[in-house]
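Novice: Just passing along the structure, written as structure tokens.
The values are calculated or read from the model by the stated rules, or taken from the named source; none is laboratory data. Model, not experiment: these values are computed from the prediction. Positions of Cβ are backbone-derived with ideal geometry, glycine not excepted, and every protein chain shown enters the neighbour counts. We work out accessible area using only protein heavy atoms, side chains counted, and drop any ligands, DNA or RNA first. Shrake-Rupley method; radii C 1.70, N 1.55, O 1.52, S 1.80 Å.
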Amino acid sequence: MTPTSSPTPGPLHGKTVLDLTTALAGPYATLLLASLGARVIKIENPERGGDSSRNNSPYVTADGLQLRRTGPDDMSVSMMARGRGKESITLNLKKPESREVFFDLARHADIIVENYSAGVTRRLGIDFAAVQQVNRRIVYTSISGFGAQGVPGDGKAMDTIIQALSGVMMTAGEPGDAPVRFGLPIGDLVAPLFAVIGTLGAVMHADATGEGQHVDVSMLGSLTSLVACEPFDALESVGFPLRTGSVVPRLAPFGTFQTADGWFAICAPTDSFAEGTLAAMGRPDLIKDPRFANRDARVAHADELHALIAEWARTRSSAEVLSAFEHHGVPAAPVRDTATAVRDDVVTSRGEVVPLVHPRFGHLDGLYGSGLPVVFSRSSADLSKPAPALGEHTEQVLHELLGYDDERVSALRDAGAL
């Protein structure tokens, strides 16, 4: 069954999420909840033009991809990716009238997700304690740089700040190199994964007990917890350098190497894989060599082993190298660029990468976004609904979900609440 052919709704069908997020970490969390079938109502600040992602160049326009907006229907690629499957309403939460609307929405919600700096929701009067007064079952998820307790200073965090503080920048590159910032914004992307895990656990608890709770996730804690998955201090204490560049000596042969026309990765730490590596290189005579005959020996002589692989591969094509490894059962793969990777039939057929669609201009060839990398045997996972325009669903939500009449909606607009 393909990801788009399931006749059943997503596993979160019937759950309503109020999305108070902006930028990347929060919107990615609510994107995942939307892909699981939840109704996600994105609440955007009209005074600031909505989610900051709406102002991220480039934009999809009637004339294709452009660095600047050219018309009112233009939409940033960032919003096209992060706003899929959501409804958008505008609320100016600094207005008392809008907070009344917010609490009416909260009575109908199962989940609220916010990524304000610590303390902002309390100052606005819409924090977990306030919402729980109107909805005891609410699951209130906060994603912040450092956690709900806050830190000295303004407590604001961006991905690069979190990468710097987590230690992850010192795990890549060669010894002595400058810190390496990961091109993928991993600080912004790891936190929402933990946020969704925590949210789903809290939803299960609420369904079982009727009690909601606050789910508090920090970007710094999320990324640092992953750094701690590797015992870097222990490795350094026995002589393994913290930064090993393109290879991993303690797993030799393991790393990335250059061919005559590209690069490949090899992961062959076991005896059988290492023997296959030497055989693929036409050096079966080295299989019994004391330097490479077992794992500990290969680790001790990792530099020599990796140098042999590099020398052998340098004059051969990637196709020749990978064919030889495949023939001998060695785990190896080409290092692909992002454009090639996102077009892989394996990931596109499973809905793990999907085309991005503009609500008016359709799909621009070559523009892809993340899908849900989970395939259910019964439930569906769908992100085919395009991102909404700012405030596109305001009146629909107020009329249909809250039962407001035209007069009340007009009064809210006149008061600057919407």
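Novice: With respect to VAL77, is the statement that it is within 20 Å of PRO388 (Cα to Cα), open to solvent by 10 Å² or more (accessible area, probe 1.4 Å) and in contact with a strand residue (DSSP E or B) (Cβ under 8 Å, 6 or more places away or on another chain) true?
Specialist: The answer is yes for VAL77.
Novice: Something else now. Being farther than 30 Å from PRO249 by Cβ and assigned to a strand (DSSP E or B) narrows it down to one residue among GLY416, GLY366; which is it?
Specialist: Answer to the check: GLY366.
Novice: Any chance you could count how many residues in the stretch 167-220 are touching a residue at least 60 places away in the same chain (Cβ under 8 Å), farther than 30 Å from GLY255 by Cβ and among the polar types (S, T, N, Q)?
Specialist: Final tally of qualifying residues: 3.
Novice: What about THR244, is it open to solvent by less than 50 Å² (accessible area, probe 1.4 Å) and part of a loop (DSSP other than H, G, I, E, B)?
Specialist: Criteria met by THR244.
Novice: Give the residues of the stretch 80-96 that are more than 16 Å from ALA130 (Cα to Cα) and either in contact with a helix residue (DSSP H, G or I) (Cβ under 7 Å, 6 or more places away or on another chain) or open to solvent by less than 10 Å² (accessible area, probe 1.4 Å) (or both), sorted by residue number.
Specialist: MET80, ARG82, GLY83, ARG84, GLY85, LYS86, GLU87, SER88, ILE89, THR90, LEU91, ASN92 - these are the residues of the stretch 80-96 that are more than 16 Å from ALA130 (Cα to Cα) and either in contact with a helix residue (DSSP H, G or I) (Cβ under 7 Å, 6 or more places away or on another chain) or open to solvent by less than 10 Å² (accessible area, probe 1.4 Å) (or both).
Novice: In the stretch 351-378, which residues are out of contact with any strand residue (DSSP E or B) (no Cβ under 8 Å at 6 or more places or on another chain) and surrounded by fewer than 18 Cβ atoms within 10 Å (Cβ to Cβ)?
Specialist: Answer for the stretch 351-378, where residues must be out of contact with any strand residue (DSSP E or B) (no Cβ under 8 Å at 6 or more places or on another chain) and surrounded by fewer than 18 Cβ atoms within 10 Å (Cβ to Cβ): ARG360, GLY362, ASP365, GLY366, PRO373, VAL374, VAL375, PHE376, SER377, ARG378.
Novice: Might you let me know whether the stretch 131-144 holds any residue that is part of a helix (DSSP H, G or I), touching a residue at least 12 places away in the same chain (Cβ under 8 Å), closer than 22 Å to ASN92 by Cβ and more than 25 Å from the chain's Cα centre (by Cα)?
Specialist: yes
Novice: Sticking with this structure for a sec: Inside the stretch 145-164, can you point out the residues that are β-branched (Val, Ile, Thr) and either in a loop (DSSP other than H, G, I, E, B) or open to solvent by less than 30 Å² (accessible area, probe 1.4 Å) (or both)?
Specialist: Passing the criteria: VAL151, ILE162.
Novice: Here's a follow-up. Could you give every pair whose Cβ atoms fall below 7 Å, whose first residue belongs to the stretch 74-87 and is of a type in the set (Ser, Thr, Tyr), and whose second residue is crowded, with 22+ Cβ neighbours inside 10 Å and outside any helix (DSSP H, G or I), counting only separations of at least 6 or pairs across chains?
Specialist: Note: pairs meeting the criteria are SER76/TYR59.
Novice: Here's something else I'd like to know. Just one of ALA274, ALA313, ALA279, ALA293 is at pLDDT 95 or above and open to solvent by 40 Å² or more (accessible area, probe 1.4 Å); which is it?
Specialist: ALA293
Novice: PHE128 passes all but one of (1) modelled with pLDDT of 95 or more; (2) open to solvent by 50 Å² or more (accessible area, probe 1.4 Å); (3) aromatic (Phe, Trp, Tyr); which number fails?
Specialist: Tallying (1) modelled with pLDDT of 95 or more; (2) open to solvent by 50 Å² or more (accessible area, probe 1.4 Å); (3) aromatic (Phe, Trp, Tyr), PHE128 fails exactly one: (2).
Novice: Which residues, taken from the stretch 318-349, are closer than 30 Å to ASP365 by Cα, assigned to a helix (DSSP H, G or I) and open to solvent by 80 Å² or more (accessible area, probe 1.4 Å)?
Specialist: Of everything in the stretch 318-349, those that are closer than 30 Å to ASP365 by Cα, assigned to a helix (DSSP H, G or I) and open to solvent by 80 Å² or more (accessible area, probe 1.4 Å) turn out to be THR338, ASP345, VAL346.
Novice: Something else now. For the stretch 5-12, state whether one or more residues are crowded, with 22+ Cβ neighbours inside 10 Å and out of contact with any helix residue (DSSP H, G or I) (no Cβ under 7 Å at 6 or more places or on another chain).
Specialist: no
Novice: Can you name the strands (runs of 3 or more DSSP E) wholly within the stretch 1-67 that have at least 2 residues being modelled with pLDDT of 95 or more and under 22 Å from PHE102 (Cα atoms)?
Specialist: Answer list for the stretch 1-67: 16-20, 39-44.
Novice: Considering each residue of the stretch 391-418, count those that are free of Cβ contacts under 8 Å to residues at least 40 places away in the same chain and under 18 Å from ARG48 (Cβ atoms), and give that number.
Specialist: Result for the stretch 391-418: 1.
Novice: Same structure again: All but one of (1) of a type in the set (S, T, N, Q); (2) exposed (fewer than 14 other Cβ atoms within 10 Å of the Cβ); (3) modelled with pLDDT under 95 hold for GLN133; which doesn't?
Specialist: Here GLN133 meets the rest and fails (3).
Novice: Return the pairs, sorted by first residue and then second, in which the second residue is outside any helix (DSSP H, G or I) and open to solvent by 10 Å² or more (accessible area, probe 1.4 Å), the first residue lies in the stretch 100-129 and is at positive phi, the beta carbons are less than 9 Å apart, and the residues are 6+ apart or on different chains.
Specialist: What qualifies is GLY119/ASP127; GLY119/ALA148; GLY119/GLY150; GLY119/GLY155; GLY125/LEU93.
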